[in-house]
Each structure stands twice: as structure tokens, then as C-alpha cells.
Amino acid sequence: MRIGLVGCVKSKATPARAEDLYTSPLFRGARRSVELGPDLSEHVFELHAGSAYLDHGLAEGIERRGGRVERPLDGLSQGRRLAFYKERGCL
């Protein structure tokens with residue numbers, strides 16, 4: 001199974017792990033409901049988000065549970081990211 005995760009684009013005032021940045025009861029409940037340590041070894045996660053997300057626990061958490069992480073936008077400028085999507089017919 002291929003699973004895609006998309007991060008938001010609004011900047012945050014302070015870089016922090018999502019678990020520390022978002023503190024609402026709704027987020028805490030959702031987070032705890034998925035932290036049951038599922039085996040992700042059958043899954044590929046194609047991550048389309050900036051390093052602010054990927055380098056602060058997201059990719060690491062997936063890999064720790066056996067999932068494979070692909071980061072097709074790594075190192076690309078915003079212009080190259082847009083070209084990436086345009087070349088694939090997404091824009």
C-alpha cells in the first residue's frame with residue numbers, strides 16, 4: 001500500500017515536533033490513537049512536506065516502525081517542486 005502525507009504550508013513561530021507544537025485535546029486524542037506501534041513494513045510513505053515536518057520526527061517515526069519513506073521533493077526549490085507536479089499532470 002502506498003500512503004501519501006501532505007504537510008501544511010503555514011509557517012510556525014517556533015520549530016518544534018508536532019507532538020509539542022499542537023496541544024489541543026483533539027490533536028492529543030488523534031495522536032494517541034495512532035501511537036499503538038503498528039507494523040508499517042508493508043507500506044511506502046511518499047512524503048510531500050518540507051523539512052520542518054520530515055526532519056522533526058515524521059520520517060523517523062515511520063521508519064522506526066518499518067515503513068519505507070520516499071521524499072521526492074528533497075532538495076528542490078519551490079519552483080522545481082511546482083515543475084515536479086506539473087510534469088506529472090498534477091497542476
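The values are calculated or read from the model by the stated rules, or taken from the named source; none is laboratory data. Because the structure is predicted, anything quoted here is derived from the model rather than measured. Every residue, glycine among them, receives a Cβ derived from its backbone with ideal geometry; neighbour counts consider all protein chains shown. When the accessible area is computed, the model is the full protein with side chains, heavy atoms only, and any ligands, DNA or RNA have been set aside. Shrake-Rupley method; radii C 1.70, N 1.55, O 1.52, S 1.80 Å.
A few points about this structure:
- Index of the failed condition, Ala16 passing every other in (1) open to solvent by less than 40 Å² (accessible area, probe 1.4 Å); (2) at pLDDT below 80; (3) of a type outside the set (Val, Ile, Thr); (4) under 13 Å from the mean Cα position of the chain (by Cα): (4)
- Residue within the stretch 22-34 that is at pLDDT 90 or above, open to solvent by less than 90 Å² (accessible area, probe 1.4 Å) and not hydrophobic (A, V, I, L, M, F, W, C) present: no
- Selection of the stretch 36-72 for residues being in a loop (DSSP other than H, G, I, E, B), under 22 Å from Pro15 (Cα atoms) and at pLDDT below 90 yields Ala49, Gly50.
- Listed by first and then second residue, the pairs with beta-carbon distance under 9 Å, at least 6 apart or on different chains, first residue in the stretch 71-88 and closer than 20 Å to Glu60 by Cα, second in a helix (DSSP H, G or I) and open to solvent by less than 60 Å² (accessible area, probe 1.4 Å), are Arg71/Leu54; Arg71/Ala59; Pro72/Phe84; Leu73/Phe84; Asp74/Leu54.
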